[in-house]
Each structure stands twice: as structure tokens, then as C-alpha cells.
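The values are calculated or read from the model by the stated rules, or taken from the named source; none is laboratory data. Just so it is clear, the model here is predicted, and its values are computed rather than measured. Positions of Cβ are generated from backbone atoms using ideal geometry, with glycine treated the same way; all protein chains shown enter the neighbour counts.
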Amino acid sequence: MIKYQLQCQECTHAFEAWFRSSDSFDALAAAGEVACAACGGAKVEKAIMAPRLAHSGSEKSAPADAHKTVMVARKAREAMLELRRKVESNCDYVGEKFPEEARRIHYGETEERGIYGEADKEEHDALRDEGIEVQRIPWVDRTEH
């Protein structure tokens, strides 16, 4: 059995799943049988994972490794929260009109400024295909702990 960290390419939800083998995952994913628990999408890919390496004294280092992992996760979350604060304080929120407003800015129909809002993966890809510089960012909920 092998455990993979997976990520939905439709809604960016990350999750773990167990498979009989690497080949088993590949076959199931190719057949669209691996689905995201959040949105039900079948565009699921393996995410980057850190290997679990056995080393001498691993029993003793496990609590230290766990603490280090928690600290790294906290720092990453704080960095994402800081990114959110900067975006919110320096850009205009345009909500679901993000694709339309990004095009208007790109084609010079309105003033150039930083904006943020909602766009699904297809809308994001269409904007990029048009040469419009956009970026998907992880939007961390301020209330999560």
C-alpha cells in the first residue's frame, strides 16, 4: 500500500489517499476513478510530497520532526495571511466580475490597478491564454486556527 498527497486541479483541494500501488493510482486516475471529496472533480494529480526516510534513532526524533512540521505549517499559514492582508489593502475587490475587469484593464478600457476576486480554473486559464497576467493564490481563512 502507498499513500499519496493529492490535489484537485479543479478546486485546488488537497487530500490524502491510499492505493494498492503506484500503478494502481495511475490506472484509477487515468480512468477518472479518483475523485475530489470537496467538489467531486476527477482531475486529481499527485501533489509534491516529502519522503518519509527511516534513520537511526527515528523513534526519538519523531516528536522533534512533528514539532518542526507544525512550526513550518504555522509559518506558511502566517505568510499566506500576510499575503492576503497585502492584497486586500492594496487592491480593489471586484468579486465575480474579476475576469471581465481583468480584461478591461488589460485592453486599456479602464484604469490600470491591482484587483482581486473570483475566477474558476477555466476562467483563469482563458485569461492567461489571452496574455493577461493573473495569478491564483491560496486564500487562507482568517478564522481558521
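Worth pointing out:
Listed here are the residues, each with its yes/no results for (1) over 30 Å from residue 131 (Cα atoms); (2) at pLDDT 85 or above.
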| position | (1), (2) |
| --- | --- |
| 30 | yes, yes |
| 44 | no, yes |
| 49 | yes, no |
| 55 | yes, no |
| 86 | no, yes |
| 91 | no, yes |
| 99 | no, yes |
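- Cβ-Cβ under 6 Å pairs, at least 6 apart or on other chains, the range 26-41 side farther than 15 Å from residue 3 by Cα, far side in a loop (DSSP other than H, G, I, E, B): 32/42; 35/42; 36/13; 38/11; 38/13; 39/10; 39/11; 41/10
- There is at least one residue in the range 79-93 that is polar (S, T, N, Q) and in a helix (DSSP H, G or I).
- Test: residue 140 is surrounded by 15 or more Cβ atoms within 10 Å (Cβ to Cβ), in contact (Cβ under 8 Å) with a residue 24 or more places away in the chain and under 21 Å from residue 8 (Cβ atoms): yes
- Residue under evaluation residue 137, criteria (1) under 30 Å from residue 73 (Cβ atoms); (2) at pLDDT 95 or above; (3) of a type in the set (A, V, I, L, M), criterion not met: (2)
- The set of residues in the range 26-45 that are acidic (Asp, Glu) and closer than 13 Å to residue 9 by Cβ contains only 45.
- Condition check for residue 69: loosely packed, with under 12 Cβ neighbours inside 10 Å and at pLDDT below 80: no
- Criterion applied to 15, 19 was being farther than 26 Å from residue 143 by Cβ and at pLDDT 85 or above, and the one residue passing it is 19.
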